[in-house]
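To start, the structure itself, in C-alpha cells.
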Amino acid sequence: MHILSHEEKTFLLDAIRNVEDFPKQGIIFKDITTLLGNEKAFSLLMDHLTLRYENVPLDYIAGIESRGFIFGAALAARLKTRFVPIRKPGKLPYTTISEKYSLEYGVDEVAIHIDAFSSVGKPKPKVLLIDDLIATGGTATAAVNLINKSGAQCIEACFIINLTFLQGDLDIKKATPVYSVLEVN
Ligand code: AMP
C-alpha cells in the first residue's frame, strides 16, 4: 500500500488538462493525454497503482473503453496479470454479454466477451475494474454488474479522478469498494 502526499496529488492534478465546453457547453473535460505525455506524472501514477495492488490477489484487470484500457493494460502488465476490455456494444468480435444503463437522455450499454474471465480456469475469478474518471457513476456501476453477472467477482473499482460534486461514487459503492487517486470538488 502506498499513500500519495499532498504535493504528489497536486503534481498529478496539474498534469491533467482542463478543456472547457467539451464535448458540450458547460462540461469541463479532464484531458488525461497531458498526463500520459508527462513521463514523471505517468510513472508516478503507475508506481502508485502498482504499490496499491501488488499484494492484492487479482486474476484480471478489466478496463472500460477507452481510457480505462490505457491505465488498466499498463497496470496488468506491471502486476503480471490478465487484461479484459469492457467495450461499447458492437465492438467486440466474439459472443458478448452486455449491461444497459440510464443516461440523462436515453440508455447506453457496456459489453464483454462471454468467455472473458475463463482463461484463468477457476470459479469466481477476482477482477479489479479501472477507468479514468467517475462522473455520474453509471458506466462503472454497469461494468461492475457485468463483471459479477459473468461469473467473476469485482473486488474494487479504481479511478484516476472522482468528480466528487456529482456523487457518482455513491452508486458504485453499492456494488463494490471504490478507490480514486484524485478528487475534484
Ligand atoms: P459516468 O458514467 O457519468 O460516470 O461517465 C464516466 C465516463 O465518461 C468515463 O469513461 C469518462 O471517461 C467520461 N467522462 C465523463 N465526464 C467527463 C469529464 N468531465 N472529463 C473527462 N471524461 C469524462
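Here is a list: ILE16, ILE27. Which entry is within 16 Å of the ligand (Cβ to nearest atom), surrounded by fewer than 13 Cβ atoms within 10 Å (Cβ to Cβ) and among the hydrophobic types (A, V, I, L, M, F, W, C)? Exactly one residue qualifies, and that residue is ILE27.
Looking at the range 143-168, which of its residues are within 24 Å of LYS30 (Cα to Cα) and over 12 Å from the mean Cα position of the chain (by Cα)? Write out each step before concluding.
Residues of the range 143-168 within 24 Å of LYS30 (Cα to Cα): 143-144, 156-168.
Scanning the range 143-168 gives LEU163, THR164, PHE165, LEU166, GLN167, GLY168.
The residues of the range 42-67 that are surrounded by fewer than 20 Cβ atoms within 10 Å (Cβ to Cβ), within 15 Å of the ligand (Cβ to nearest atom) and not polar (S, T, N, Q), listed by number, are GLU65, ARG67. So, in the range 30-41, how many residues would count as being over 27 Å from ALA111 (Cα atoms) and surrounded by fewer than 18 Cβ atoms within 10 Å (Cβ to Cβ)? Of the residues in the range 30-41, 5 are over 27 Å from ALA111 (Cα atoms) and surrounded by fewer than 18 Cβ atoms within 10 Å (Cβ to Cβ).
Looking across the range 68-80 at every residue that is surrounded by fewer than 18 Cβ atoms within 10 Å (Cβ to Cβ) and free of Cβ contacts under 8 Å to residues at least 24 places away in the same chain, the one that is farthest from the ligand (Cβ to nearest atom) is identified as LYS80. One residue stands out among those in the range 154-168 that are more than 21 Å from LEU49 (Cα to Cα) and among the hydrophobic types (A, V, I, L, M, F, W, C): the one that is farthest from the ligand (Cβ to nearest atom), which is PHE165. Remark: pairs (first residue in the range 50-67, farther than 17 Å from ALA143 by Cα; second residue within 16 Å of the ligand (Cβ to nearest atom) and aromatic (Phe, Trp, Tyr); Cβ separation under 8 Å; 6+ apart in sequence or on different chains) = ARG52/TYR179.
Residue-wise test of (1) part of a loop (DSSP other than H, G, I, E, B); (2) touching a helix residue (DSSP H, G or I) at 6+ places or on another chain (Cβ under 8 Å); (3) hydrophobic (A, V, I, L, M, F, W, C).
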residue	(1), (2), (3)
LEU92	yes, no, yes
GLU99	no, yes, no
GLU104	yes, no, no
ILE112	no, yes, yes
ASP115	yes, no, no
LYS122	yes, no, no
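The set of residues in the range 124-153 that are more than 24 Å from MET46 (Cα to Cα), in a loop (DSSP other than H, G, I, E, B) and near the ligand (Cβ under 6 Å from one of its atoms) contains only THR136.
Every read-out reported here was derived from the displayed coordinates using simple, explicitly stated rules and does not represent laboratory data. As the structure is a computational prediction, the values presented were derived from the model and not from experiment. FYI the Cβ positions are ideal-geometry reconstructions off the backbone, even for glycines, and counts take in every protein chain you see.
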